[in-house]
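The values are calculated or read from the model by the stated rules, or taken from the named source; none is laboratory data. All values reported here derive from a predicted model rather than from experimental measurement. We place every Cβ from the backbone using ideal geometry, glycine too, and count neighbours over all the protein chains shown.
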Amino acid sequence: SADAVGLTESDAVATLRRVFGYEAFRGEQEAIIDHVVAGGDAVVLMPTGGGKSLCYQIPALVRPGTGVVVSPLIALMQDQVDALRALGVRAGFINSTQDFDERRMVEAEFLAGELDLLYLAPERLRLDATLELLSRAKISVFAIDEAHCVAQWGHDFRPDYLALSVVGERWPDVPRIALTATATRATHQEITQRLDMRNARHFEASFDRPNIQYRIVPKDDPKRQLLAFLREEHAGDAGIVYCLSRNSVEKTAEFLCRNGIEAVPYHAGLDAGTRAAHQSRFLREEGLVVVATIAFGMGIDKPDVRFVAHLDLPKSVEGYYQETGRAGRDGLPSTAWMAYGLQDVVQQRKLIQSGEGDEAFRRRAASHLDAMLALCETARCRRGQLLTYFGQEPGAPACGNCDTCLTPPETWDGTVAAQKVLSTVVRLQRERGQKFGTGQIVDILLGRRTAKVIQFDHDQLSVFGIGQELSEAEWRGVVRQLLAQGLLAVEGEYGTLVLTDTSGTVLRREREVPMRKEPKKPAASRAASAV
Ligand code: ADP
Ligand code: ZN
């Protein structure tokens, strides 16, 4: 790498062709690479699969010295380095998985100027020994991958990243490039600030993935819905099914296998050998389905993933976008399918409230969840909603390739229904000092004399039986949409419903509440027939 003399544009293109075997740069790659090769700092916002790696690998090859790549994905470093070595790139890594001798060897190569790229885990840069090592050889570029991990407001914060500001202080003349696939404007600003990259040029690629069809269906019998979706639209295709818990990962994988779909589980509770075996089968085979927790997929580079399915609600829009972004990297039509129900909301709130983290952390987690709910319940184009969330202009008001565009949801005036739900919550709270979950509220509205209704005398409430005009599923839909619109909140271990600051506007009839109609037919087949 050190022998590049004239740092011209063609060096970058020549390296692209000679080393990586690609014909041309994609999108903003060339502008980014030129800027960094010339010594400039860059903050790069590019969706998963957009081709971020080349943005620092090529400058590292073209500029003299070793490119230092900071990445939190320790588990992938070996693979990344192996892949680079197979291309003839002199790459190495230093992280906690190595023994002393292995590390010494990499250090020696670095000091001898024999490495083009050195991958480091972020916690390494907290060690004086590492900083001292790095100061003893020439560095061509610092790349900070997954840079959103520095953002405390983000969904993936890693305290070790805060130490990375030291890089700019100690190596003011070495260009830095921070890369991320998941950044709202606020996260973007935090990256710039915390990494002290005020003079960096910003590159923002479009987050639109036009070949991915986004669909979100009401959850009813999720495993069956998934099976129908796979059989009708993705028979024999490779894909990823995300579940929240290890237990549901196992159960879902078994269920799919029993029903003739080749599926393997993947979660952190499996031993490393099994995980590695399942991952490499997924990469090698054509039609394997991996059922996984979010532990799976970070950095997985399989171009022909035809679908990503979520059986549980992701914690944030960033997470959803990143996970669904693993579909269709080859640009061919792919599906992002999700089944989502009220129980997801209750469960996630519970997790937030019982989880670790201080009050600010919980508030943040709650606002991420709210944004996710808004995406689920929106009656507008999903793609438009996603792009707006990431601070980008949608190309058109309707994309024509998401469920809300393909089968525009019918809307109805849910104001009266909303008032009924909210006044039931108010009555229970004000008259009885009680809080209940959705099940009890719906039973009261429907006028059901269940044991629990009798036990609490809820058949004596004036609101008892005032909601016979809607079905149970429809009432649940009303509650979900109230939650998504912030007109109702759910709290505590039992998922009890409580009022919010804005509930009063509905109760006082100061506003209308438009709602999406619940589909009558089973969601999976309805969506399928629409395409
Ligand atoms: P990201 O890190 O942004 O998710 P990667 O750097 O892993 O994306 O790139 C995604 C895929 O696209 C990889 O298979 C990569 O080799 C390929 N790729 C990147 N740039 C180009 C290009 N200019 N031409 C062809 N393929 C490319
Ligand atoms: Zn759309």
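Could you list, in sequence order, all residues of segment 36-69 that are hydrophobic (A, V, I, L, M, F, W, C), outside any helix (DSSP H, G or I) and crowded, with 23+ Cβ neighbours inside 10 Å?
Once the filter is applied, which keeps residues that are hydrophobic (A, V, I, L, M, F, W, C), outside any helix (DSSP H, G or I) and crowded, with 23+ Cβ neighbours inside 10 Å, segment 36-69 yields ALA42, VAL43, VAL44, LEU45, MET46, VAL68, VAL69.
Taking segment 392-401 only, how many residues are surrounded by 16 or more Cβ atoms within 10 Å (Cβ to Cβ) and within 8 Å of ligand 2 (Cβ to nearest atom)?
2
Does ARG26 satisfy the condition of being within 14 Å of ligand 1 (Cβ to nearest atom), assigned to a helix (DSSP H, G or I), among the charged types (D, E, K, R) and out of contact with any Phe, Trp or Tyr (no Cβ under 7 Å at 6 or more places or on another chain)?
Spelling it out, it is not the case that ARG26 is within 14 Å of ligand 1 (Cβ to nearest atom), assigned to a helix (DSSP H, G or I), among the charged types (D, E, K, R) and out of contact with any Phe, Trp or Tyr (no Cβ under 7 Å at 6 or more places or on another chain).
For the structure I just gave you, tell me whether ASP11 is away from ligand 1 (no atom under 11 Å from the Cβ), of a type in the set (Asp, Glu) and within 27 Å of the chain's Cα centre (by Cα).
No.
Here's a check for you: in segment 184-212, which residue that is crowded, with 19+ Cβ neighbours inside 10 Å and touching a Pro at 6+ places or on another chain (Cβ under 7 Å) is nearest to PHE25 (Cα to Cα)?
Across segment 184-212, the extreme among qualifying residues is ALA205.
Which is within 16 Å of ligand 1 (Cβ to nearest atom) and of a type in the set (D, E, K, R), of LYS302, LYS315?
None of the others qualify; the one that does is LYS302.
Can you confirm whether segment 407-416 contains a residue that is buried (at least 22 other Cβ atoms within 10 Å of the Cβ) and of a type in the set (Ser, Thr, Tyr)?
No, segment 407-416 contains no residue that is buried (at least 22 other Cβ atoms within 10 Å of the Cβ) and of a type in the set (Ser, Thr, Tyr).
In segment 299-333, what count of residues is obtained for those that are under 11 Å from the mean Cα position of the chain (by Cα), of a type in the set (A, V, I, L, M) and either at pLDDT below 90 or closer than 18 Å to HIS148 by Cα (or both)?
Total satisfying the criteria: 1.
Could you please find all residues in segment 356-384 being in contact with a Cys (Cβ under 9 Å, 6 or more places away or on another chain) and either in a helix (DSSP H, G or I) or within 16 Å of ligand 1 (Cβ to nearest atom) (or both)?
ARG382, ARG383, GLY384
Just to be sure, is THR404 crowded, with 20+ Cβ neighbours inside 10 Å and either charged (D, E, K, R) or in contact (Cβ under 8 Å) with a residue 24 or more places away in the chain (or both)?
Taking the combined requirement at face value, the residue satisfies it.
Do any residues in segment 286-307 that are part of a strand (DSSP E or B) have Cβ atoms under 9 Å from those of residues that are within 16 Å of ligand 2 (Cβ to nearest atom) and hydroxyl-bearing (Ser, Thr, Tyr), where the two are at least six apart or on different chains, and which pairs are they?
Final answer for the pair search is PHE307/SER334; PHE307/THR335.
Scan segment 372-382 residue by residue and report those that are surrounded by 18 or more Cβ atoms within 10 Å (Cβ to Cβ) and aliphatic (A, V, I, L, M).
Hits for segment 372-382 are MET372, LEU373, LEU375.
Do we have LEU446 as in contact with a helix residue (DSSP H, G or I) (Cβ under 8 Å, 6 or more places away or on another chain) and more than 16 Å from MET515 (Cα to Cα) here?
Yes, satisfied.
Report yes if some residue within segment 75-85 is more than 27 Å from the chain's Cα centre (by Cα) and under 30 Å from GLY328 (Cα atoms); otherwise report no.
Scanning segment 75-85, I find at least one residue that is more than 27 Å from the chain's Cα centre (by Cα) and under 30 Å from GLY328 (Cα atoms), so the answer is yes.
In segment 270-322, what count of residues is obtained for those that are charged (D, E, K, R) and more than 20 Å from PRO333 (Cα to Cα)?
Qualifying residue count for the region: 7.
Anything in segment 491-502 that is surrounded by fewer than 22 Cβ atoms within 10 Å (Cβ to Cβ) and not in a loop (DSSP other than H, G, I, E, B)? List them, or say none.
Of everything in segment 491-502, those that are surrounded by fewer than 22 Cβ atoms within 10 Å (Cβ to Cβ) and not in a loop (DSSP other than H, G, I, E, B) turn out to be GLU491, THR496, VAL498, LEU499.
Filter segment 36-90 down to the residues that are at pLDDT 90 or above and among the acidic types (Asp, Glu), then identify the one that is farthest from ligand 2 (Cβ to nearest atom).
Result: ASP82.
Yes or no: GLU286 surrounded by 23 or more Cβ atoms within 10 Å (Cβ to Cβ) and of a type outside the set (A, V, I, L, M, F, W, C)?
Criteria not met by GLU286.
In segment 459-485, which residues are at negative phi, surrounded by fewer than 20 Cβ atoms within 10 Å (Cβ to Cβ) and not β-branched (Val, Ile, Thr)?
ASP459, GLN460, LEU461, SER462, GLN468, GLU469, LEU470, SER471, GLU472, ALA473, GLU474
When ASP101 is evaluated against the numbered criteria (1) in contact with a Leu (Cβ under 8 Å, 6 or more places away or on another chain); (2) assigned to a helix (DSSP H, G or I), which criterion, by number, is the only one it fails?
Single failed check for ASP101: (1).
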